[in-house]
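The values are calculated or read from the model by the stated rules, or taken from the named source; none is laboratory data. For clarity, every value in this text was computed on a predicted model and none was experimentally measured. Because the Cβ atoms are built from the backbone with ideal geometry, glycine has one as well, and the counts that use them run over all protein chains shown. With ligands, DNA and RNA removed, areas are computed over all heavy atoms of the protein, side chains included. Shrake-Rupley method; radii C 1.70, N 1.55, O 1.52, S 1.80 Å.
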Amino acid sequence: MGKANLDVYSETLIELASADKNILAVTSDSRGSGKLVPFADMFPDQIIEVGIAEQNLVGVAAGLASAGKCVFATSPACFLATRSLEQIKNDVAYSNQPVTLVGISAGVSYGALGSTHHSLHDVAVLRAINNIDVVVPADNFEACEAVKAAAKSSKPVFIKFGKKIMPHLPRLEQTYEIGKASIICEGTDVVFIACGETVAPAYEAAMLLEEKGISVEVISMHTVNPLDKTAVLNAAKKCKAVITVEEHSVNGGLGEACASLLMQSGVFIPFKIVGIPDEETVAGSQNEIFGHYGITGEGLFQSAIILLE
Amino acid sequence: MQKYTDLELQIKSVKYRLALLKYIKMANAGHTGGSLSCTDILNVLYNDVLQVTPDTFHDAHRNRYIQSKGHSVEALYVVLADMGFFPESDLETLCKYKSKYVGHPTRKVNGIEFNTGALGHGMPISAGIALAAKKDKADYKVFTLIGDGELAEGSNWEAAMMAAHYKLDNFITILDHNTLQITGHNVDVCSPHPIDEKMKAFGWHVVSIDGNNIVQLRETFSHIPEVKDKPTFVIANTVKGKGVSYMEGVKKWHHGVPTDEQYNQAVEELNVELFRLRSLIN
């Protein structure tokens, strides 16, 4: 097993900041939950605290970026994506400031704290905003590479990280590029197109299905917007069914992005979106919530069997 | 050595008012009253304070101006055109199909720093830039212009609290206090008062001046920061619709466009003022 992607974020930011005084972390009383205390201790001049004020966080980040700083604005995903949505839309995306917005404790990482602290809407709202990449890393490799890529990017990026310890996933190529999906394993019967912390259970399901003689492809769609259309269409052409998986509402996320692409490309094959349904999310830990909604190896195994019948 | 005399700037203000009315009339759209109220502020900033020209606009350590009350973009456009950022004739396309001169500031227009227009954004952005200047030990200043109706936006107060915390004495917020917003008087809509005491309580140095008075604006901006380690809040008391008798202090001119007859009257009044000011030369 590896580490939590959030820990990788912190470590990678330390690595980047060691070589570049221009790197700044901006936080909204969130350095603890963002695992940025070591960063703050090592680089006290490179962390800016704005207090619990997410609108100001993003506006300040945009101002800093416009003055040449490489800014990682870090706040719980549940607040960052919507409390400061207008600042993201206007000050960052529309004004084209290369801010990296880091949504921490994403999805249902704060499961037991209730829906105020869930971010199951962030991808949906940000997908509808022009000029911002939406990145949801699956494992430690993607988390590290996403942070490095965002630091080099000349455009706005939103990355979200969970707190769960993530396994190291295999991948066909040890390369990373924002906007280019990673193939975890290749297959021809069913493809799981997943993102973030749901790629690991998709891969578990793939292993279970392979034991039954079903050939499974797993794709980590770490960049939900812009979608890697080629990867989706290639997989759908060679497989009999598509299952998307995400730690997000089934409305407006990765699944609907793939469905829209496939339908408009004339690809009509069995298709299922696995995510959090449009209901008041069940109470529980992240693992319990995943279990409740079938975002587990066994749950996704069953979804595939049913879809292939 | 100042480039322009007070009288020369006063003459410029009248010319700016004539120009912005011309393009609003041509577009049949625009925020007339607020553009007229902040004309003198923009005039003094660009001609006397910022030292920002098309040649210096990309300098890392240039002074910044962020127009938070983006709807008064017509005043900004005519001043930027006069500064040489683009030909004034470009404004004939104001608010037209495919024009980059839309009804709020965008970076597509040469000379504009940020895309603004949603209210309550200028102060946080400016606080970020001012903080970058402090980090870089650079001595440039950041100015933002906000409206008095805009004060109701909570993000202003988030930025105000943070700017005082970081002692951003290179950050100046100018309030175009024309007392009117789209629905009516500030005091009737949702009173922002007492503005000065609130900003002082937030840790700002507060100055209150006649915001349509070139001499007072020049004097005020020449002393910033007057108090070390404190951001400055300039309450610029202005008149909405300034310079056109029937528009002054009348809320309907927030985004009213004059009829042909009204436009001709406005031009006549401003030309009389222009003639009067020119007669004072020498």
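Here are a few things to note about the model shown:
- Here B:LEU131 clears all of (1) of a type outside the set (Val, Ile, Thr); (2) surrounded by fewer than 24 Cβ atoms within 10 Å (Cβ to Cβ); (3) at the interface with another protein chain (Cβ under 10 Å from one of its Cβ atoms) except the condition numbered (2).
- When B:LYS251 is tested against (1) under 27 Å from B:LYS69 (Cα atoms); (2) out of contact with any Leu (no Cβ under 8 Å at 6 or more places or on another chain); (3) charged (D, E, K, R), just one condition goes unmet, and that condition is (2).
- Scanning the range B:246-270 for residues that are open to solvent by 30 Å² or more (accessible area, probe 1.4 Å), in contact (Cβ under 8 Å) with a residue 40 or more places away in the chain and in a helix (DSSP H, G or I) returns B:LYS251, B:TYR263, B:VAL267.
- Residues being within 17 Å of the chain's Cα centre (by Cα) and either aromatic (Phe, Trp, Tyr) or within 19 Å of A:ILE306 (Cα to Cα) (or both) - total across the range A:154-197: 6
- Some residue of the range A:9-16 being part of a loop (DSSP other than H, G, I, E, B), more than 12 Å from chain B (Cβ to nearest Cβ) and open to solvent by less than 50 Å² (accessible area, probe 1.4 Å): no
- Verdict on B:GLN2 being outside any helix (DSSP H, G or I), open to solvent by 20 Å² or more (accessible area, probe 1.4 Å), within 23 Å of B:ILE174 (Cα to Cα) and touching a helix residue (DSSP H, G or I) at 6+ places or on another chain (Cβ under 9 Å): yes
- Meets criteria (more than 17 Å from B:ASN271 (Cβ to Cβ), assigned to a helix (DSSP H, G or I) and open to solvent by 20 Å² or more (accessible area, probe 1.4 Å)) for B:ASP48: yes
- Here the condition is being assigned to a helix (DSSP H, G or I) and touching a helix residue (DSSP H, G or I) at 6+ places or on another chain (Cβ under 8 Å); of B:THR116, B:THR39, it holds for B:THR39 alone.
- Residue check, B:PHE143 under 17 Å from the mean Cα position of the chain (by Cα) and either within 11 Å of chain A (Cβ to nearest Cβ) or under 26 Å from A:ASN131 (Cβ atoms) (or both): no
- Whenever a residue of the range B:110-123 is under 20 Å from B:GLU88 (Cβ atoms), its partners that are among the aliphatic types (A, V, I, L, M) and open to solvent by 20 Å² or more (accessible area, probe 1.4 Å), lying with C-beta atoms within less than 8 angstrom and at least six residues away or across chains, give the pairs B:GLY111/B:MET83.
- The range A:72-82, subset within 14 Å of chain B (Cβ to nearest Cβ) and within 12 Å of A:GLU54 (Cβ to Cβ), residue most open to solvent (accessible area, probe 1.4 Å): A:PHE79
- Tally, over the range B:227-245, of residues that are of a type in the set (A, V, I, L, M, F, W, C), buried (at least 22 other Cβ atoms within 10 Å of the Cβ) and outside any strand (DSSP E or B): 1
- Considered as a group, the residues in the range A:83-118 that are in contact with a His (Cβ under 8 Å, 6 or more places away or on another chain) and open to solvent by 10 Å² or more (accessible area, probe 1.4 Å) include one that is farthest from the other protein chains (Cβ to nearest Cβ), and that residue is A:TYR110.
- Filter result (among the β-branched types (Val, Ile, Thr) and either within 14 Å of chain A (Cβ to nearest Cβ) or without any contact (Cβ under 8 Å) to a residue 60 or more places away in the chain (or both)) within the range B:59-96: B:ILE66, B:VAL73, B:THR93
- Residue satisfying all of: in the range B:97-122; charged (D, E, K, R) and within 8 Å of chain A (Cβ to nearest Cβ); most open to solvent (accessible area, probe 1.4 Å) among these: B:ARG107
- Subset of the range A:53-69 (residues that are of a type in the set (Gly, Ala, Ser) and at the interface with chain B (Cβ under 7 Å from one of its Cβ atoms)): A:ALA53, A:GLY59, A:ALA61, A:ALA62, A:GLY63, A:SER66, A:ALA67, A:GLY68
- Subset of the range A:26-52 [touching a helix residue (DSSP H, G or I) at 6+ places or on another chain (Cβ under 6 Å) and either within 13 Å of chain B (Cβ to nearest Cβ) or on the phi > 0 side of the Ramachandran plot (or both)]: A:VAL26, A:SER28, A:LYS35, A:PHE43, A:GLN46, A:ILE47, A:VAL50
- Scan of the range B:137-194 for residues that are open to solvent by less than 60 Å² (accessible area, probe 1.4 Å), of a type in the set (S, T, N, Q) and touching a residue at least 40 places away in the same chain (Cβ under 8 Å), ordered by number: B:THR144, B:ASN170, B:THR173, B:ASN178, B:THR179, B:GLN181
- Pairs meeting the criteria (first residue in the range A:48-68 and farther than 18 Å from A:GLY103 by Cα, second residue among the small types (Gly, Ala, Ser) and open to solvent by 20 Å² or more (accessible area, probe 1.4 Å), beta carbons under 8 Å, at least 6 apart or on different chains) are A:ALA67/B:ALA60; A:GLY68/B:ALA60.
- The residue that is farthest from the other protein chains (Cβ to nearest Cβ), counting only those in the range B:146-169 that are within 20 Å of B:GLY70 (Cβ to Cβ) and part of a loop (DSSP other than H, G, I, E, B), is B:ASP148.
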